[in-house]
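Trainee: If you scroll down you'll find the structure; I have some questions about it.
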Amino acid sequence: MDRQHGGAARADLGAALFVLALGLAAVWQASVIPTTPLYAQVGPKAVPYLIAGALVAVGIGLLVVALRGGWSHGIEEMQDGAPFNLPALGLLLAGLLVNMALIVPFGFTVAATAQFPLVAAAFGSRAWLRDMGIAFVVALSAYALFVKLLGVNIGAGVVEGLIFGVQD
Amino acid sequence: MTAIEGLTLGFSHALTLTNLGWALLGCFLGTAIGVLPGIGPALTIALLLPITFSVSATGAFILFCGVFYGAMYGGSTTSILLNTPGESGSIITSLEGSKMAKNGRAGPALATAAIGSFVAGTVGTLGIAFLGPIVVELALQLGPAEYFCLMILCFVTVSAVLGGSALRGLTSLFFGLLLGLVGIDLQTGQPRLTFGIPELYDGVNVVLVAVALFAVGETLFLAWRHVEGKQEVLPVGSILMSKSDWKRSFWPWIRGAGVGFPFGVLPAGGTEMPTMLSYYMERKLVRPEHAKEFGTVGAIEGVAGPEAANNAAAAGVLVPMLTLGLPTSATAAIMLSAFQSYGIQPGPMLFTAQADLVWTLIASLFIANVMLVVLNLPLVGLWAKILKIPQPQLYAGILVFATIGTYGISNSVVDLMLLYGIGIIAMFMRRFDFPVAPVVIGMILGPMAEQAMRQALTISQGDWTTFITRPISLSILLIAVAALVGPRLYGAWVRRMAA
């Protein structure tokens, strides 16, 4: 129990440090905003500095809470004790990466057909072929819905071009 | 324009075939996504935002509001039949609703939820129609300084008052405000917080952030916590309510609507608080002979009250959204950004400058309510079937749609990387219990607040005391401070008294 408690507090420390780092990155980005010769009562830098400073402040606040034992052990969802399912998360992240790799060269029907079975596998499905079939149909109908019915051109890939012709 | 004149005008526009069609489509879609666990109205409306390029403003908003109301109806079906709330406002409904379903009374539970939603939705929409013009009258007196303070109040209440921790709520808010700053500063033309990446000069897309938070983050978190196993959908049975069911539901509906609407109107937003309040109220007020049903076989009062409160609060949220341009829920914030993509300035001028649009919208809300009762009661079997979509394919589908919706806007891989990156942050936000709604609200309301602030300071010629020397803005700021500090002081006081 104590070890679990310590682990949760360490995780909270990580979250607090992330917020702090985000705040500091924002401070840096606010400092590089070019000052402008244009007249303005409040320049473009004031609000970014304000918000970056606020993020640093809440980051320090979270850090203090984390060092005092953290807050994770009080979250209801964390208390039922189910372990984190890292293989499932890995499959899902793989699905995201595959999509990013395929979408530019081949369009999203191909990308979705590769992504869908990986995501489904993360949630326990092993029917690879059937899942790929579903993905193909779903992605293609979504394309048809956007382009043909709503008139929003979302960019044709290899498969979309073959079936519907290339849109301009 | 008075409410009656407005409604007459509104119905004359809303009852055209096209607009009825948009309402029906919205209601249908809204119920479906409300039923499906894992997707809510905020995500759906975000994914539908591209239609603002090709559909008239009136049509699009009727569709969005149909989705918004429909999701409330659909959410109750899931919480009753699956014991997993479809959306946050239905958490309380599942307490008694799922117990009724386990004891073979799913039908009456669904019926009282749907009819209660109708009663509350109608009461709430009447509230919008009659309260709206009054709020607008008052709001027209406000200058940029007061507006800025009102937005600060809104920020404080949505992030620090509700939810578990003010510190984490504020962290979410500042993260959202930071996202809102990315891009070219409209007043001076300088790029801000772009890390020198040209794709970020136009700012971070609202759709992208909403999809990342509500679809990608949620799916990642669920996979991370995934346990193999199947959920059981309970059978619906007959949806007919007995005479005693009607009698026991009637006052809870009315009381629920009465509790919910004011909560929605206040800039605190959220449906959790009024549903909870209504639940405890019904538990206290229940007749002694039914009291033992609470927590055992399921009491119908505990479904009727909170469900009505949920819908009335959802309707109430539209009051500050339409009259002040202040979104107090993530869904309202995304609807607000839809106004912007039509070039419509939200705020008190909306009721006069866009009278047709506003009143048609309000009339459509009445129509949507009627459609939703019809869609939800006789068709409840269809919605129960949707619940049988297996989890793996459901979440894979959500993620595929999320990707299509985001990539489709810009065809840019940078956007896709942002989508997944913010999605991963959102997963950790779920894990560490940071609320996501303040991110969306901060991101959309933030730039408007900055603009109001700079306007106010231009008027006062750079004098920052303008916010505390004007009586109205000072009082609003004091309320914000009280909302932020009050609960903590009270807590400390209670602890000291106990010690």
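Trainee: Going by the alpha-carbon gyration tensor, a ≥ b ≥ c the square roots of its eigenvalues, is the protein assembly as shown rounded (a/c under 1.5) or, if a/c is not under 1.5, prolate (a/b greater than b/c) versus oblate? Could you put the intermediate results ahead of the total?
Mentor: Details: a/c = 1.21, a/b = 1.09, b/c = 1.11.
Verdict is rounded for the protein assembly as shown.
Trainee: While we're here: Can you work out the FRET efficiency for the pair B:LYS388 and B:GLN340, with r the C-beta to C-beta distance and R0 = 35 Å, to the nearest 0.05?
Mentor: Numbers: r = 39 Å, r/R0 = 1.11.
So the FRET efficiency works out to roughly 0.35.
Trainee: Using a Förster radius of 41 Å, what is the FRET efficiency between A:HIS73 and B:ALA482 based on their Cβ-Cβ separation? Nearest 0.05, please. Before the final figure, lay out each step's value.
Mentor: Values: r = 31 Å, r/R0 = 0.75.
Computed FRET efficiency for A:HIS73 and B:ALA482: 0.85.
Trainee: Grab the eigenvalues of the alpha-carbon gyration tensor for the range B:387-436, scale each by 5, take roots, and send me the semi-axes largest first in whole angstrom.
Mentor: On the way: eigenvalues 85, 75, 10 Å².
Each semi-axis is the square root of five times an eigenvalue, giving 21, 19, 7 Å.
Trainee: Within 10 Å of each Cβ in peptide A:25-32, how many partner chain Cβ atoms are there on average? Round it to a whole number, please. Could the numbers behind the result be given before it?
Mentor: Numbers: counts 3, 6, 0, 2, 9, 4, 0, 6.
Mean partner-chain Cβ count within 10 Å for A:25-32: 4.
Trainee: Let me ask something else. Once you order the gyration tensor axes a ≥ b ≥ c over the Cα atoms, which shape class does the range B:272-424 get: rounded for a/c under 1.5, otherwise prolate or oblate by comparing a/b with b/c? Spell out each step's value before the answer.
Mentor: On the way: a/c = 2.09, a/b = 1.32, b/c = 1.58.
The shape class here is oblate.
Trainee: Give the average, rounded to an integer, of partner chain Cβ atoms located within 10 angstrom of each Cβ in B:165-171.
Mentor: On the way: counts 5, 2, 10, 7, 1, 5, 12.
Across the residues of B:165-171, the mean count of other-chain Cβ atoms within 10 Å is 6.
Trainee: State, to one decimal in nm, how far the label point of B:LEU489 lies from the label point of B:GLU5, with both points 7 Å from Cα in the Cβ direction.
Mentor: Between B:LEU489 and B:GLU5, the label points sit 4.5 nm apart.
Trainee: Count charges around B:VAL204 for me, please; just the other residues with Cβ under 12 Å from its Cβ, Lys/Arg as +1, Asp/Glu as -1. Present the calculation step by step, with values, prior to reporting the outcome.
Mentor: Values: positive: B:ARG192; negative: B:GLU199, B:ASP202, B:ASP415.
Local charge sum for B:VAL204: -2.
Trainee: Students often forget the sequence filter, so: which lysines lie under 22 Å Cα-Cα from B:LYS388 once same-chain residues fewer than 8 apart are removed?
Mentor: Straight-line reach from B:LYS388, under 22 Å: B:LYS99, B:LYS102, B:LYS230.
Trainee: In addition: Simple spin-label model, 7 Å along Cα-to-Cβ: B:TRP251 to B:VAL374 in nm?
Mentor: So the label points at B:TRP251 and B:VAL374 sit 3.4 nm apart.
Trainee: Next question. Once you keep just the Cα pairs under 8 angstrom separated by 6 or more residues, what percentage relative contact order results for chain B? Write out the running numbers ahead of the final one.
Mentor: On the way: 929 pairs, mean separation 140.8, N = 499.
RCO, chain B: 28 percent.
Trainee: Would you mind classifying chain B by shape? Square roots of the alpha carbon gyration tensor eigenvalues, ordered a ≥ b ≥ c; an a/c under 1.5 is rounded, otherwise it is prolate if a/b is larger than b/c and oblate if not. Intermediate values should be presented prior to the final figure.
Mentor: Details: a/c = 1.41, a/b = 1.33, b/c = 1.06.
Taking the square roots of the gyration eigenvalues as a ≥ b ≥ c, chain B is rounded.
Trainee: Right, another one. So what is the calculated 222 nm ellipticity per residue for chain B, using -39500 (n - 2.57) for each DSSP H run with n of 4 or more, over all residues, to the nearest 500 deg cm²/dmol? If you can, show how the numbers build up before the last one.
Mentor: Values: 23 runs with 357 residues, N = 499.
Computed mean residue ellipticity for chain B: -23500 deg cm²/dmol.
Trainee: Does a label point 7 Å from the Cα of A:THR35, set along Cα-to-beta-carbon, have any residues of the range B:426-456 with amide nitrogen under 11 Å, and which are they?
Mentor: none
Trainee: According to a simple spin-label model (label point 7 Å from Cα along Cα-to-Cβ), what is the distance in nm between B:VAL227 and B:THR16?
Mentor: About 5.4 nm separates the two model spin labels.
Trainee: How about the range B:209-238: which GluC sites (Glu not before Pro) there lie in a loop by DSSP and see at most 13 other Cβ atoms within 10 Å? Walk me through the intermediate numbers first.
Mentor: Numbers: sites: B:GLU218, B:GLU228, B:GLU232; in loops: B:GLU228, B:GLU232.
Filter output for the range B:209-238: B:GLU228, B:GLU232.
Trainee: Right, another one. Sketch the reach of a paramagnetic label on B:LYS292 as a point 7 Å from Cα along Cα-to-Cβ, and name the residues of the range B:93-137 whose backbone nitrogen lies under 18 Å away.
Mentor: From the range B:93-137, the list is B:100, B:103.
Trainee: Averaged over peptide A:120-130, how many Cβ atoms belonging to another chain are found within 10 Å of each residue's Cβ? List each step's numbers first, then the result.
Mentor: Details: counts 9, 3, 10, 12, 9, 6, 1, 3, 0, 0, 1.
Mean shielding count: 5.
Trainee: For B:LYS284, which lysines qualify as cross-link partners when the Cα separation must be under 18 Å and same-chain residues fewer than eight apart are set aside?
Mentor: Candidates past the 8-residue exclusion: B:LYS247, B:LYS292.
Trainee: Right, something else. Pull up all non-local amide H partners of B:ARG192: gap of 5 or more, or a different chain, and H-to-H distance under 5 Å with H placed in the peptide plane.
Mentor: When sequence neighbours closer than 5 places are left aside, the close amide H contacts are B:GLY183, B:ILE184, B:ASP185.
Trainee: Given a Förster radius of 60 Å and the C-beta distance between A:ALA46 and A:LYS148 as r, what FRET efficiency does 1/(1 + (r/R0)^6) yield to the nearest 0.05?
Mentor: Numbers: r = 48 Å, r/R0 = 0.79.
Once the sixth-power term is evaluated, E becomes 0.80.
Trainee: So how do A:129-138, B:480-489, B:294-303, B:199-208 stack up, highest first, on mean other-Cβ count within 10 Å? Show your work: numbers first, answer last.
Mentor: Values: A:129-138: 16.6, B:480-489: 14.2, B:294-303: 22.7, B:199-208: 19.1.
By packing density, highest mean first, the sequence is B:294-303, B:199-208, A:129-138, B:480-489.
We did not get these values from a lab; they are worked out from the coordinates using the rules stated. Note that the structure is a prediction, hence the values are computed from the model and not measured. Cβ sites come from the backbone with ideal geometry, for glycine too, and all protein chains shown count toward neighbours.
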